[in-house]
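Here is the structure we will look at, set down as structure tokens.
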Ligand SMILES: [Zn+2]
């Protein structure tokens, strides 16, 4: 069970909010930003959304073997923000441990409830500590719509599904548990947050495993509105989809999941995906959004090859950017380069949003990610507000009610 004492001292974000909060550093002090009261966060992984102390408690509760030699060891193992720069593959290895702890209907349920609560309580916070307990009650906005992405197959307890599709836990029960958790937590919040599941296919899974997940996605999608989309995630180094046969197999899995689902794809985050593969992947899987499409930007910067950016612009594809995550994995080298990235997307009229990717593992919040860009002059207030507005209409969730959509200046 969640540790109530850890939550008691944290007031609900709505108890303290300034419509236009002055920023703290010297340059930004003169600026005020009319943050919207409610925002949508659309790129957050379940595996990166449960605070470490909660994962530790779940691991102890479930008797998970070999997670670590003690709590500090556990934190050292999983806290990516303390590791400096790590490559994407090492970053994903952390996820594998988390996925094992989150396996089974009961752990999935706890994880979903904790993840939603974390997003709503801390998503707008200016300062939080690594366990996501508030140090400050300053809140820029509420996260009122959350898209939570994860791979149900990787919550069946099969150790990372290497060579086997059959886990300890029943896949249907895992999915049903997650659906029930969302319905229950929405009732608990009395409509203050709406949540949808995005199921991630795995670059590291076999075709048969992805196909099995697709069929379950179709089945449960017909039963529940809470399943809103599909994604492709996992190590690009292992399966960049440069092999046309593997790309075709992924298309079959995507199509098998059925119509009416939003499509997003992690593609081009690392150099393992070249521009040709990036373009073919987007053309074949036909996503409405892409995660971290850095390959399209590097091709333009390095060779003035703008085909990737043009493709994104022509298809009106929205780029999902995650600042801290991109810096941690080295996908983007520094904040200066991030500023260049945002500028390049604007010049090519490509839409983008900002999300926190793995806020609990990175000890961050969406508000912090935005302020990071602002305080480094990597983005202007206008660019950040536009990105938040793009997230509203690019979400796979139902549109929010009218009063939620208005910026704070308009509400006054
Ligand atoms: Zn991601």
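The values are calculated or read from the model by the stated rules, or taken from the named source; none is laboratory data. A quick note: this is a predicted structure, and the numbers were derived from the prediction, not measured. Note that each Cβ is placed from the backbone with ideal geometry, even for glycine, and that neighbours are counted across all protein chains shown.
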(request) Read through the list (1) surrounded by fewer than 21 Cβ atoms within 10 Å (Cβ to Cβ); (2) modelled with pLDDT of 80 or more, then give the number of the only condition that residue 138 fails. (result) (2)
(message) Go through (1) under 20 Å from the mean Cα position of the chain (by Cα); (2) part of a loop (DSSP other than H, G, I, E, B); (3) surrounded by fewer than 21 Cβ atoms within 10 Å (Cβ to Cβ) for residue 268 and report which single condition fails.
(response) (3)
(message) Checking residue 338 against (1) closer than 22 Å to residue 145 by Cα; (2) more than 16 Å from the ligand (Cβ to nearest atom); (3) at pLDDT 95 or above; (4) touching a strand residue (DSSP E or B) at 6+ places or on another chain (Cβ under 9 Å), only one condition comes out false. Which one?
(response) (1)
(request) Please go through the stretch 41-53 and pick out each residue that is more than 16 Å from the ligand (Cβ to nearest atom) and crowded, with 24+ Cβ neighbours inside 10 Å. (result) 51
(message) Of all residues being under 22 Å from residue 36 (Cβ atoms) and out of contact with any strand residue (DSSP E or B) (no Cβ under 7 Å at 6 or more places or on another chain) in the stretch 360-372, which is nearest to the ligand (Cβ to nearest atom)? Just the residue, please.
(response) 364
(request) Could you run through the stretch 289-304 and say how many residues are surrounded by 15 or more Cβ atoms within 10 Å (Cβ to Cβ) and more than 16 Å from the ligand (Cβ to nearest atom)? (result) 5
(message) Kindly evaluate residue 263 against the criterion of being away from the ligand (no atom under 16 Å from the Cβ) and surrounded by fewer than 22 Cβ atoms within 10 Å (Cβ to Cβ).
(response) no
(request) Name, by its number, the condition in (1) within 16 Å of the ligand (Cβ to nearest atom); (2) at pLDDT below 95; (3) outside any loop (DSSP other than H, G, I, E, B) that does not hold for residue 353. (result) (2)
(request) Answer yes or no as to whether residue 321 is within 19 Å of residue 374 (Cβ to Cβ) and within 12 Å of the ligand (Cβ to nearest atom). (result) yes
(message) Can you report the number of residues in the stretch 336-350 which are surrounded by fewer than 17 Cβ atoms within 10 Å (Cβ to Cβ), in contact (Cβ under 8 Å) with a residue 40 or more places away in the chain and not in a loop (DSSP other than H, G, I, E, B)?
(response) 2
(message) I need the full set of residues from the stretch 213-233 which are in contact with a helix residue (DSSP H, G or I) (Cβ under 7 Å, 6 or more places away or on another chain) and either under 19 Å from residue 398 (Cβ atoms) or not in a strand (DSSP E or B) (or both), in order please.
(response) 213, 214, 215, 216, 218, 220, 224, 226, 227, 230
